Amino acid sequence: MLPASLTSITSIIVHLIDFFAVNKLQTSPTPLKSLSFELRHLHAVSPFGHVVFQDVPSLPEGFSPQHENRTFNIKTRQISTQRGPDFDSLWQARVHSMKFGQSQRLNWEEVIIPGPDVESRETLLQLAKMSSNAYLTPEEPEWYDLGGGWNNTYPFGWDDDGFRGQVFATPDNSTVIVSIKGTSAGGIVGGGGPTVKKDKLNDNLLFSCCCAKVDWTWTTVCSCYRNGWKCDLDCLETALIEESLFYSVGINLYNNLTYIYPDSNIWIIGHSLGGALASLVGVTFGVPVVAFESPGERMAAGRLHLPSPPSTQHVTHVYHTADPIAMGTCNGILSSCSLGGYAMETRCHLGKSIIYDTVSNCSWSVDIRTHTIVSVIERVLSAPWPPSAEIGREVPEADFEEDCVECYSWEFGSYPAKLEP
């Protein structure tokens, strides 16, 4: 007899297959226009480590989506992205890189697909609201109302300590958006809850220079630190590739979605840790990404041995200069992050970055409390940005982060641990 959790997952997949057998996906090219999205699934990880979905019921026949406020629009534009071969080939390239320290040459294919119009303020605002709602359930007062009448029950994973978020889709399933929850950091930027412990572990593995070794008082999250400022790189990369890391869960989530939506364009979004995970998964599969206030994830991508496409311009980071986490300045033993037990030491981002200079233009003080997605929604994106409006733009111009350096005081190499006598 199958375990109850596996039976539940199987029934969900069977239900979805039956649904799409009746409602076949439209495979014709999507014209460049505003796409209309509705919440389709909640997603999370069950106590048994499975990525599972909770369907949100469709509107009854005859009801207008606009009347029910179930849908909202996002502008699109043509974007260029690089996609590698099948997943097995990508995985073999990662294994080869981990074993031999050499990158295999892959056949990357440039494709043009509809992606979010990141030059539109309204588009960024809607995506930010979707990212915010990944932290919440619909009955909570902080929930941004993107449509009423949704099923807010979720029996698998949502009340446990795993990876979680939501899935939105257009009515014709041509485009699907995955929203990934970021860090719930009680006592620092508000929030908390059952995911705090694993969120913190992932933050300290992905965004610290070496196992969250800030000073002698810290207990490291892996065993790769050596005396002085030395770190064993092989040990560190092995620690990041552990299956318990959220990146691996994100890969499974993406594979599950491509099974459910085989002909859809998939976008991935998120805030903070969720934004970094969105970027790492998006680079792996060459899908559009918008990440809000994300810590620098470029170093983690190298340590995870992600196959590096010729371009990562399909990844867009959005952040402001008063956020010390996104700017890479929330470090040192007296920083707010360190006092909370977070070693946030990276600053370099993949792809292009849209940076709002809230320090110079709005006289904001650098403060970890501005890191919240609500600050971005209510104080940055809710009104036109004057410096951009003056030159006929809606948002600051996206650009690559050139000459970015991090963890420069550390030495990374082969430093095997000394065996105890």
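The values are calculated or read from the model by the stated rules, or taken from the named source; none is laboratory data. Keep in mind that what you see is a predicted model, and the values were worked out from it rather than measured. As a convention, Cβ positions derive from the backbone with ideal geometry for all residues, glycine included, and neighbour counts pool all protein chains shown.
Annotations for the structure displayed:
- Flag for residue 293 being touching a helix residue (DSSP H, G or I) at 6+ places or on another chain (Cβ under 6 Å), in contact (Cβ under 8 Å) with a residue 60 or more places away in the chain and farther than 19 Å from residue 135 by Cβ: no
- Within the range 215-238, residues that are over 17 Å from residue 344 (Cα atoms) have Cβ atoms under 8 Å from residues that are at pLDDT below 95 and among the polar types (S, T, N, Q) in these pairs: 232/414; 233/414; 234/414; 235/223, counting only partners at least 6 apart in sequence or on another chain.
- Candidate set from the range 112-163 (those that are among the polar types (S, T, N, Q) and modelled with pLDDT of 55 or more); member that is surrounded by the fewest Cβ atoms within 10 Å (Cβ to Cβ): 137
- Residue 315 being in contact with a strand residue (DSSP E or B) (Cβ under 8 Å, 6 or more places away or on another chain) and without any contact (Cβ under 8 Å) to a residue 40 or more places away in the chain: yes
- In the range 268-305, residue surrounded by the fewest Cβ atoms within 10 Å (Cβ to Cβ) [restricted to those that are under 9 Å from the mean Cα position of the chain (by Cα) and β-branched (Val, Ile, Thr)]: 281
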